[in-house]
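Okay, so here's the structure we're looking at.
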Amino acid sequence: MSDVLPTDWAPEAAKALGDWISSQRRIRGLSRAQLATKMGYQNVSKGASRIADWETGRDYPRGDRLSVLRAGLECDTDTPWKLLEAFLVQAKQTGQTKRRETNRRARVGLEELHLLRQHAALLRDHSRAILHSPEDGLIRIGQAIAQLAYIGSTTLTLGQLLQSWANGSLRADDENSSLYIVRIAGSPLSGRHQVTGFRTEGGSLEYTTVSDFSRRAGTLLKQRVPRLVTRDCLAGLLARRGVRVAPLEIIDHTKHIIYRYDHTTRQVTTPSGLVDLNLRFGTALNTQAANWTPRWDNTGGNKRVLSQLQPLRTGIWRGDALEVSTANQRAWTATPGVITDEQGTPRFTFSGIAPPALITWLLETT
């Protein structure tokens, strides 16, 4: 089995092993430094620090360290091997689950890019209306990012993409076609950037390298998105323009029930019937009917502050993660495809990107 698994993948098992090491050392009246000396560490301070990490569950004995530790403790029991094996098994299982969830979230994010690619012509045709809408232009595309090493990054809005495609700042033209760029990342020192985009004639997303995009990415980083944030998402906007978008499936892992959200009607199908969320979206910003008014604050380490969320108390955007505290002081984190609790355990999972208004309804019903 791998010996590089993070201990936080199996904290209880790591602590059990750590408690055994600590108790055996104390029974023998040894300090950590003394045990490190008996284990043969030339740098006693480093050895004592490593033992401390084992005992607190921040790390675990790797390679031959467990055998050397047992010799230092003058102990011939096989208990530490059983505890280590239990840790490795649990950590491996947790790791597999985490990797599956990471891949699922990535798929959810990429589905949004595919929607953008598939309906780019429609969006460009409606760009004037979208840019003049009080909310549509502010829809943030989670996987659309401008990033410069040592400078920073920002998630782009639908409005920024449409404007940048129109003026050419996020478009790479060649003899045959144009590459409409949705992601750009690189270094201003090298001048070369990795970009993700698609061609006007369709096809799959392309991943390639281009030059001389530092200025363009830098310009996007300097832009300040208006503080008001849309309540909807790209799928909802497309649905309102006649595109057939698959309903969003939401799994409540605590209640073991499934909801379905229709982007066109803005209704949620629950086990007890339909719930209409149209009033939460409203027709204008800052209305009581919409029930919440988020604000973006770009001043302070790219933290976005979400306020006036009632009855939710407060929240912070960290990249694509929305961290929210509810009225009962419970903390939740909403990232593409999932809402997790304080322990990082998924409470709700989504088959696609969920509009923020739906997220607030889910949290208010918990």
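Just so it is clear, none of the values below were taken in a lab; they were calculated from the coordinates. Owing to the predicted nature of the structure, the values given are computational and were not obtained by experimental measurement. Methodologically, a virtual Cβ is constructed for each residue, glycine included, from the backbone with ideal geometry; neighbour enumeration extends over all protein chains shown.
Evaluate the Debye formula for the range 103-237 with equal point scatterers sitting on the alpha carbons, no solvent, and hand back log10 of I(q)/I(0) at q = 0.10 Å⁻¹, in q order, two decimals. Computed log10 I(q)/I(0) values: -0.30.
Given their separation in residues at 0.36 nm each and the Cα-Cα distance between them, LEU122 and GLU85 gain 7.7 nm when the chain is fully extended.
Spin-label pair SER211-HIS114: with each label point 7 Å from Cα along the Cα-Cβ axis, the two points sit 3.5 nm from one another.
Calculated FRET efficiency, THR200 to ALA129, Cβ-Cβ distance, R0 = 22 Å: about 0.55 to the nearest 0.05. Spacing of the modelled spin labels on LYS255 and LEU189, each 7 Å from Cα toward Cβ, amounts to 5.3 nm. For LYS92, the aspartates and glutamates whose Cα comes closer than 13 Å to its Cα, not counting residues fewer than 8 places off in the same chain, are ASP3, ASP8.
Among the GluC sites (Glu not before Pro) in the range 103-199, those located in a DSSP loop and surrounded by at most 16 other Cβ atoms within 10 Å of their own Cβ are GLU175.
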